[in-house]
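First comes the structure, then the notes that go with it.
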Amino acid sequence: MKLSCAFSILSIVASASAFTPTSTSNTRGKTALSMSGVTRNPNFAKLQGGYLFPEIGRRRNAYLEENPDMADRIISLGIGDTTQPIPEHILNGLVSSAKKLGTKEGYSGYGAEQGMGDLRAKIADKLYGGIIKDSEVFISDGAKCDIMRVQQVFGPGVTTAVQDPSYPVYVDTSVMMGQTGEINPETSQFDNIVYMPCNAENDFFPDIDNIPRSDIIYFCSPNNPTGAAATKEQLEKLVKVCKERGSILVFDAAYAPFIRSEGVPKSIFEIDGAREVAMECNSFSKYAGFTGVRLGWTVVPDELTFSDGTKVRDDFNRVMSTAFNGASNIVQGGGIACLDDEGLAEIDVLINYYLENAKLLKEAMESIGYSVYGGSDAPYVFVKLPDGKKSWDVFSEMLEKAQVVTIPGAGFGPGGEGYLRLSAFAPRETVIEACERLKKAMA
Ligand code: PL4
């Protein structure tokens with residue numbers, strides 16, 4: 001009752017067109033609520049509900065509030081968060097760079113906003129085999145944050161295309177920047193965003209020739225959520241179309257280390273001509289269990305320009321210099337250790353562990369007759385649900401029947417409806433248990 005009263009006061013005040021400083025008083029006569037005279041950024045009102053991943057957490061917690069005895073049974077195959085400890089050599093890199101800060105000789109304060117020279121050089125050498133330059137690598141606190149910074153470079157005036165389904169950050173940040181119109185309630189699509197359907201029927205690669213032009217194209221491979229890794233031919237096609245149309249490709253390669261299939265590119269820069277059309281966001285999150293440590297990078301080649309000839313690199317550098325103060329020096333020490341031979345070997349072991357989990361999940365779902373995608377060059381298994389089944393309904397069903405948290409495909413865009421995403425980042429024993437429970441609950 002008290003709550004609905006507060007809401008009605010809020011809505012009356014919020015609807016007043018002119019600003020009148022407003023407050024309400026509680027029973028002791030103290031001010032309980034006041035509002036500023038600042039108009040809300042209207043782009044935020046366009047966003048539908050909360051951001052996907054906290055919403056998954058909210059529903060899980062709501063279930064546990066009603067079923068507290070189930071707390072120990074919950075298994076998360078939901079958010080793609082790493083669970084295995086950071087391996088020894090990489091951990092030592094973090095520890096020793098932290099220890100350096102305690103010495104006169106080793107202490108360092110603010111670093112270069114673009115990152116440590118050694119780390120930039122090592123990324124260019126070890127991960128790109130020299131096909132990009134050190135100066136084109138910008139070190140950051142992660143790929144997600146870089147995607148927003150990329151949006152700041154492009155500003156509100158661009159048109160954008162995304163794979164549908166896709167990692168929700170591309171669409172949500174486009175909306176926040178004011179690049180879109182309202183959402184269409186019938187299609188669940190925002191006006192002024194081009195949705196490129198990616199589903200089992202088109203092998204999870206868009207029919208790019210028949211998709212309208214957009215200024216910017218976000219493309220993620222290996223893909224979240226579908227698990228599809230684009231072939232060289234597919235990426236060649238994408239680069240060619242971007243070149244013909246004068247579009248900029250923002251390539252998200254956050255899952256590149258999961259690629260095991262021969263000939264599948266780990267970077268867009270393996271494709272001829274990509275330097276003129278593409279930039280690439282990447283991350284140590286999934287390489288080395290750095291989801292909490294926070295370290296990523298973005299590559300912006302010198303050849304990538306705007307229509308007036310300005311280098312995109314220069315504007316990205318301006319955003320990094322002005323709005324970012326460099327990644328933590330401790331963490332960058334960990335990144336350097338990741339790229340030592342010992343670190344790279346440790347990363348391989350970690351990735352193989354998660355890929356084995358993905359294989360188990362895939363086999364379990366296939367054994368009960370589902371069509372399953374992804375999971376071999378990616379940590380995500382994308383399960384096709386029977387016709388007519390809604391993915392949020394199946395998410396709730398799996399939580400209630402099996403206490404397994406998944407992610408509904410529809411959370412990644414309307415094109416994800418009818419699919420369920422399973423993450424392979426859980427510990428092995430819980431993956432095995434989840435397979436058994438899902439086999440019973442979904443059969
Ligand atoms: C939950 C395609 C996960 N709170 O860790 P970062 O910032 O370097 O990389 C984030 C990222 C970038 N690009 C892609 C991704 O899939 C992710 C991480 N996605 C998921 O379950 O889909 C974690 C999501 C996290 C978030 O909002 O990113």
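Since every read-out is calculated from the coordinates, none of them should be taken as a lab result. What you are looking at is a predicted structure, and each value in this text was computed from that prediction instead of being measured. Virtual Cβ from ideal backbone geometry, glycine too; neighbours counted across all protein chains shown.
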message: Averaged across orientations, what area in nm² does the convex hull of the alpha carbons in the stretch 88-340 project?
response: 14.1
- request: Give the residue from 224, 265, 101 lying farthest towards the positive end of the charge dipole for the stretch 88-340; charges sit on Cβ (+1 for Lys and Arg, -1 for Asp and Glu) and the dipole is referred to the Cα centre.
  value: 101
query: Can you run phi through the Karplus equation (6.51, -1.76, 1.60; θ = phi - 60°) for the stretch 184-196 and list ³J(HN,Hα) in whole Hz, with x for Gly and Pro?
result: 8, x, 7, 9, 6, 10, 7, 5, 6, 10, 8, 9, 9
- prompt: Relative contact order (percent) for the stretch 88-340, with alpha-carbon contacts under 8 angstrom and 6 or more residues of separation?
  reply: 28
- request: Mind running the shape call on the stretch 315-420? Use the C-alpha gyration tensor, a ≥ b ≥ c as the square roots of the eigenvalues: rounded below 1.5 for a/c, prolate if a/b tops b/c, oblate otherwise.
  value: oblate
query: Relative contact order for the stretch 169-315: what is it in percent, counting Cα pairs under 8 Å that are at least 6 residues apart?
result: 15
- prompt: Which value, in debye to the nearest 20, describes the size of the charge dipole of the stretch 88-340 about its Cα centre when Lys and Arg Cβ atoms bear +1, Asp and Glu Cβ atoms bear -1, and nothing else is charged?
  reply: 920
query: So how many Å³ per residue does the convex hull of the Cα atoms of the stretch 121-193 work out to?
result: 112
- prompt: Normalized C-alpha radius of gyration of the stretch 97-146, against 2.2 N^0.38 Å?
  reply: 1.34
message: Using the Cα centre of the chain as the reference point, and only Cβ charges (+1 on K/R, -1 on D/E), how large is the resulting charge dipole? Debye, rounded to the nearest 20.
response: 1400
- prompt: What's the local net charge at residue 348, with K and R +1, D and E -1, over the other residues with C-beta under 15 Å away?
  reply: -3
- prompt: Between residue 100 and residue 209, what FRET efficiency comes out of the Förster formula 1/(1 + (r/R0)^6) with R0 = 60 Å and r the beta carbon distance, rounded to 0.05?
  reply: 0.65
- request: Add +1 for every Lys or Arg and -1 for every Asp or Glu among the other residues with Cβ under 12 Å from the Cβ of residue 181, and state the total.
  value: -1
message: Among 441, 335, 61, which residue has its Cα furthest toward the positive end of the charge dipole of the chain, with +1 on Lys/Arg Cβ and -1 on Asp/Glu Cβ?
response: 61
- line: Classified through the alpha carbon gyration tensor (a ≥ b ≥ c as square roots of its eigenvalues; rounded if a/c is under 1.5, else prolate when a/b is larger than b/c, else oblate), the chain comes out rounded
message: Whole angstrom only: what separates the Cα centroid of the stretch 52-84 from the Cα centroid of the stretch 206-226?
response: 31
message: Under the rule of at least 5 residues apart or a separate chain, name every residue whose amide H is placed under 5 Å from the amide H of residue 217.
response: 161, 248, 249, 250
message: Below 8 Å, C-alpha to C-alpha, sequence gap of six or more: please give me the relative contact order for the chain in percent.
response: 21
- prompt: Under a 5 Å amide H to amide H cut-off, with H placed in plane at 1.01 Å, what residues pair with residue 326 once short-range neighbours are removed?
  reply: none
- request: Under a 10 Å cutoff between Cα atoms, tell me which one of 65, 186, 113 has the largest fluctuation in the Gaussian network model of the chain.
  value: 186
- prompt: Anyone know which of 217, 271, 407 comes out most mobile in the 10 Å Cα GNM of the chain?
  reply: 271
query: How much net charge surrounds residue 441 when only other residues with a Cβ under 11 Å from its Cβ are counted (Lys, Arg +1; Asp, Glu -1)?
result: +1
query: Per the helix-only calculation at 222 nm, which mean residue ellipticity applies to the chain, given -39500 (n - 2.57) for every DSSP H run of n ≥ 4 and division by its residues, nearest 500 deg cm²/dmol?
result: -12000 deg cm²/dmol
